[in-house]
Structures are given as C-alpha cells and as structure tokens.
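Taking it in order: structure first as structure tokens, then the write-up.
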Amino acid sequence: MVARETESDSRLTVPGVLTLLDAVVAESDDPDVSAFLGAELSAEERAVLEGRVRDVRASLARWRRRGQELSALFSSAHELAELRDTDALLDRLVERAHDLLGTDVTYLSEFDEGRDELLVRSTSGAIDPLFRGLRVPPGMGLASRVVHTRSPQWTSTYLQNDEIPHEPGIDAAVRAEGLVSLLGVPMIAGDRVLGVLFAANRSGHNFAPDEVALLSAFANHAAVVLQTTSLLEQARLAADEADRARAVLAENVTAMERASAVHEDLTAVVLKGGSAEGLADTLSEALNRSVAILDRDYLPVAQAGCEADPFRTGGEDLSARVRQAIEGSRPSGRCVFVDGAAADPEVVVAVVAGDVFLGAVLVGHGELDLGAVEQRTIERTAQIAALVAVQQDAVAEVEDRVRGELVADILRGDALQWRELARRARARDVRLDDLRSVVVVAVPAESRRAVAVAVRRACAGALAGERDGVLAVLSPGSDPHDVAREVWTAARRAADAPVLAVAGPVAESPTELGDAFETARRCAHLLQNQDVPDGAVDAQAYEPYLAVFGSGSRDLSRFIDAVIGPVLRWDSERGTDLFATLSAFADSHASPTRTARALHVHINTVTQRLDRITALLGDDWREPEPLFRISLATRMHALLARDAAGRSVGVR
C-alpha cells in the first residue's frame, strides 16, 4: 500500500494539477502536459490529456463568447425599450452585430412586400456611400433567396457563385465594397419577412453555426424593432387621424348647430309672413357676408350686409361670369362658385321651383370658409326664397285678378256701385277720384301679367287689369300721352317684345274713364290690324282715321289700293318713288312749287312726275274730292310704312 502511494505521488501531485488547471483557463498556447504534471507520461496518455485540455479550453472560449453575445443582446433589448428613433436603434443593432461577429461589413435590408424588393437601410463598416440605399430588385441577389426561403443563406464566393441570381447593380455595389463572402439571415415577425440582416467579409470565409446563430439573434431583435415601429407608427397615425376626426367632428357639430339656428330663423321668417329682405338679413348675419337676392329678371329684390351694390346686381350690369354661374346652378339648385373679380360674389345659387326660374341668391366674400354645411345653408335659403316667391306669385295672381275685376267695373261706369268701387280702390292705395288717364297696352297674353306688375311698379297710384283682350292702365297722371310713354317704357322692358301703348283722351271725371278706354282700344285695334305693333301713341292724333275706319266696317287696305294703288304698284315694279311726290304734293296744298322745295328737286322734275301720276290716277285726281281721298290714303299708307331701321312710324 505504501508502495502504491509512492508510485501515485510520483505521477500526480496537487501543485501539478493546479498548474494544469491554470494553464487550461489561461488563453496561452497548448501547454506541455508532462511539464505541468511533473511526471513522465506515455505518448498515448499525453495525447489524450492534451486533447481533453483543448476541448475544455474551446468550451470555455465558446462560453465567454456566448456571454458577450448575451450581454450584447441584453443591451440591445434595453436600448429597444428606451430608444424611440427607429433608424438610430437599427444602426446600434447593426454596429453591435458588426463588433461581435468581427466581419468587415454588416448591413440591414428592409423588405417591401408590395414591390417584392429590398432596400439597404443601415450599414456598418461600408466605405461606399452608395451602398446605403442600395435597392435589390425582385428575385435578385442573396437577399431575395433569404426572403423566399425564410432561412439563413451564405456563400464564401459571392461573385463567383452562379447559383445566386445576379443583377448588375448589386454586383457593382458588392464589387465596389470588395465583398467576397456573405451571410444573410431573415428578420421574421409572425408570417411576415420584414427584411434581411447581412454579415460580409472582404475575403473568403466559411461561416460557423455559432456565427449564423448569433446573427439570427440580432435579426430577431431587428424584426422586433421594425414590427414595433410599424405598430407604433400605425398607432400614431390612428391617433392623428382620430384627432383630425374629432376636430372635423367638432367643426361639423358647430357648423351644424349654426346651420340649425339659421334654418330656424329662416323658417320663422316665412311663418311670420316675411319676405326676401328677411331672408337676406338672416343669411348675411349667419355668414357675416354680403347677400343679395335677385328676381327672375336679375333685378335685386333684397340686399343685406352692404351699403352699396357690391355685385353690380342691376339687370344688365350683372357680369357675364355671375350669369354663367347662375345658369350652371339652375339644373341642380346647388351652390356654384364664381371664378371672377373681387367685385363679383363668391358663390351663387339659383332660386328655382321645379323647372321654373325665380331668381338667384348671391353671397359675397368673407372670412368664414364656405364648407359643406354653409353651402347647404345657402341652398336652403334659396329653397325658402323660392317658397316665398311662389307664395308671393300666388298672392299677386289673386291680386291681379281682383285688380282686373276692379278695372273692368270702373270702366263699366255703373253709378250705383260707385261708392263700393271707391272703397275697393282705396284698399289698394288708389283714389278713384284722382284717376284721369287711360292707357291701353296691346301685348301678347303670356306677357300681360309681367307687364301689369312692371307698370304698377313704375306708375305710382295706378291700376292695371285686363279688359277685352288688352291691358288697361288707369293713372292719376294729367297728361295721357306722358303716361303712355312711361307705361310703354316699363312694359317694353318687362315683355322684351313689341308693345303698343295707346293713350285715350283725358277723363274729366271717373265716369269718363270708360269712354276714354273705348277710344284708346279702338285706336289700338286699328293700328294693330295695320301692322303697327310697337310704340307709345296718342289716340287723339288718330281721331280722323278712327272716325272713318275705326268701326272696322271697311277694309283700309282695299281703300288705299283703290285710291293710290296704281302709284304704289308703279313704284314697286320700277323702283321709283312717285308716292313720295304724291304725298308731298298733298301736304303742300297741291302746289308744285312747294312740292319741289319739300323734295329738294327742280320744279320741272316735279311737273314730270305729276304728269306720270296723272297718267296712273286719271285726269281728275287734282279735283277737291279725289284729292281729299288721295291725301287721306297717303297719310294712312305713311302710317303703315316702316323706316329703314325696321321701327314703325308713329308718335313714340
């Protein structure tokens, strides 16, 4: 037993074992095992022991490296929790992977699923500035293989590896960096590949499993970063969108509350029997803008929010841009913005009832934006304006009928009803005893109502109504001819068509209004039958003709043709003007000398023409009776003639 202990002591000592353990832990070259043990070892024993020492040392090295890797990963996780800048965090991850792996270049490419391409987003160790931002087309390079296989891929000779689909742009970038060996691992989050993390060397290198595992761990961290960033960005966008939605909702609620209040005010205006003025005031106050409401003739019926006329809203003065915008709004009744000068309104909307155009609402410029709610408020105002206009038209139609009945009763001249007629006239602000002038207006039936309204506006204290197919106007004016001209001007504008206004004689009392009307009506009938449809005339100027032809028992055209027809036909066939000589001869008291002066020709010329007229009319045409008929015929024919401008001849 002592011998065995001695033999054992000679082969294994405690100091030797401790020294050997120190050598194993130390990072020195392989030790001489026999030197540490202090004993001779056989070759086989020494080989086994040295192999075991190398294995232990390799294991310790791996554990040291794994500790460093875990420390780096923990540090990355800590940074992930603190950093908010995605680009900065990815750069730190790439730098740590670069330091731990010890490769020449480390970079991260982000994958775009929509385009199926990758974009280099972060690099470490790269020297070419163009390398960052390198775009990898679909299916090209080692990166595409990593994405599609969803597993690590590496090569020790990238440019010479024909199994990798090469692309000139990628190869140029790899060649510029001098990269030879590449390792790429996928960054996966759930079912999605977010990108690829690369480690590359500028020399040939076979990547060990530990290197692949380490780079994969960093890739997982990078995937968490990208996914977290995406979620945070989506959350931020959702929050921003929610904020915008809340702001829009608040604005809409405010606008709707304001619009609701305006609608209530507009409705109250109608229910209280208000008019266009009330609508304009309400809308102007709500929008803090100038507002004008026009009628169907583009004439302003109400204005608010302006001292003067800001839109040139005076019929013909309305700009073409505004008219075009109103026409554009007529089919839909919606707001149309005016692309014009600052003097024009900003927006207009047509006032329509079905297919009937009743006018327009014009809104000027202001600080408050005209959003959807404000536009709807303007359109609602136009609708209520249409309702008011239709209501007023209905009332006006009834009033027109009542006025027409009143006019007819006054012209009938029933003395037994005179007190009742006076009362009915006073109810319409007309004093029956003041009426002195009667004007008959010959106008197409479809225009009579509009003309009656225009005449009542233009002639204060007047009554207008239909009687016997014409419009009768009873006015307090003392000069019927002046009243006829005033009536004709208003009627011509309202009808936009030929209008014949005939003034009857002055009525000394209301009982004579009927006779004055009959005289004016007969004169209008005479002039209309002879194609004199336009003008303002005085019936008293045509009393001789009324006495002869006003009854309608004779044919005036046949009379003219029978008396001077040969002269008129001679002129028509030969292009002469014997009628002018005949008319001047009759007006010159049958004096050839006066006729020559009136026509500015030599007396011999007049004599020759008179001889031709004698040949046409007969030798006795200068006798008193034939000459009277010829004078009358020439005057009637002159009455029917048109001047060069196409206007009828008459007293206008």
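The values are calculated or read from the model by the stated rules, or taken from the named source; none is laboratory data. The model shown is predicted, which means the values in this text are computed figures rather than measured ones. So basically every Cβ, Gly included, is an ideal-geometry build from the backbone, and we count neighbours across all protein chains shown. The accessibility values were calculated without ligands, DNA or RNA, using every heavy atom of the protein model including side chains. Shrake-Rupley method; radii C 1.70, N 1.55, O 1.52, S 1.80 Å.
What to note about this one:
- Subset of the range 141-159 [assigned to a loop (DSSP other than H, G, I, E, B), open to solvent by 30 Å² or more (accessible area, probe 1.4 Å) and not aliphatic (A, V, I, L, M)]: Arg150, Ser151, Pro152, Ser156, Thr157
- The set of residues from the range 492-506 being among the hydrophobic types (A, V, I, L, M, F, W, C) and either under 13 Å from Glu446 (Cα atoms) or open to solvent by 10 Å² or more (accessible area, probe 1.4 Å) (or both) comprises Ala494, Ala495, Ala497, Val499, Val506.
- Some residue of the range 229-250 being assigned to a strand (DSSP E or B) and either out of contact with any helix residue (DSSP H, G or I) (no Cβ under 9 Å at 6 or more places or on another chain) or touching a residue at least 60 places away in the same chain (Cβ under 8 Å) (or both): no
- Scanning the range 400-437 for residues that are open to solvent by 50 Å² or more (accessible area, probe 1.4 Å) and at pLDDT below 70 gives Asp414, Ala415, Leu416.
- Candidates Ala586, Ala580, Ala562: the one that is open to solvent by less than 50 Å² (accessible area, probe 1.4 Å), closer than 16 Å to Phe628 by Cβ and either in contact with an Asp or Glu (Cβ under 7 Å, 6 or more places away or on another chain) or of a type outside the set (Val, Ile, Thr) (or both) is Ala586.
- Residue ID - surrounded by the most Cβ atoms within 10 Å (Cβ to Cβ), chosen from residues in the range 160-194 that are of a type outside the set (Gly, Ala, Ser) and without any contact (Cβ under 8 Å) to a residue 12 or more places away in the chain: Asn161
- Pairing each residue of the range 588-611 that is touching a residue at least 12 places away in the same chain (Cβ under 8 Å) with any residue that is open to solvent by less than 90 Å² (accessible area, probe 1.4 Å) and among the small types (Gly, Ala, Ser), provided the two are 6+ apart or on different chains, yields C-beta distances under 8 Å for Thr595/Ala584; Thr595/Ser588; Ala598/Ala584; Ala598/Ser588; Leu599/Ala580; Leu599/Ala584; Val606/Ala596.
- Going through (1) of a type in the set (Ser, Thr, Tyr); (2) in a helix (DSSP H, G or I); (3) over 44 Å from the mean Cα position of the chain (by Cα) one by one, Ser203 falls short only on (2).
- Flag if Arg334 is at pLDDT 85 or above and either out of contact with any Ser or Thr (no Cβ under 6 Å at 6 or more places or on another chain) or more than 20 Å from Ser275 (Cβ to Cβ) (or both): yes
- Condition met for Arg456 (in a loop (DSSP other than H, G, I, E, B), farther than 20 Å from Val506 by Cβ and touching a helix residue (DSSP H, G or I) at 6+ places or on another chain (Cβ under 9 Å)): no
- Scanning the range 279-296 for residues that are in contact (Cβ under 8 Å) with a residue 60 or more places away in the chain and either under 10 Å from Gly364 (Cα atoms) or open to solvent by 70 Å² or more (accessible area, probe 1.4 Å) (or both) gives Leu287, Asn288, Arg289, Ser290, Val291, Ala292, Arg296.
- One residue from Ser475, Ser509 being surrounded by fewer than 19 Cβ atoms within 10 Å (Cβ to Cβ) and at pLDDT 80 or above: Ser509
- Qualifying residues in the range 84-133 (those that are of a type in the set (S, T, N, Q) and free of Cβ contacts under 8 Å to residues at least 40 places away in the same chain) - the one least open to solvent (accessible area, probe 1.4 Å): Ser122
- Checking each residue in the range 212-226 for being within 11 Å of Pro152 (Cα to Cα), of a type outside the set (Val, Ile, Thr) and touching a residue at least 40 places away in the same chain (Cβ under 8 Å) picks out Leu215, Ser216.
- Scanning the range 336-367 for residues that are part of a loop (DSSP other than H, G, I, E, B), over 13 Å from Arg296 (Cα atoms) and of a type outside the set (A, V, I, L, M) gives Asp339, Gly340, Asp344, Pro345, Glu346, Gly354, Gly364, His365, Gly366, Glu367.
- Pro626 vs. criteria open to solvent by 20 Å² or more (accessible area, probe 1.4 Å), farther than 30 Å from Ala524 by Cβ and at pLDDT 90 or above: no
- Qualifying position, being at pLDDT 80 or above and either under 22 Å from Leu411 (Cβ atoms) or part of a helix (DSSP H, G or I) (or both), among Leu568, Leu527, Leu546: Leu568
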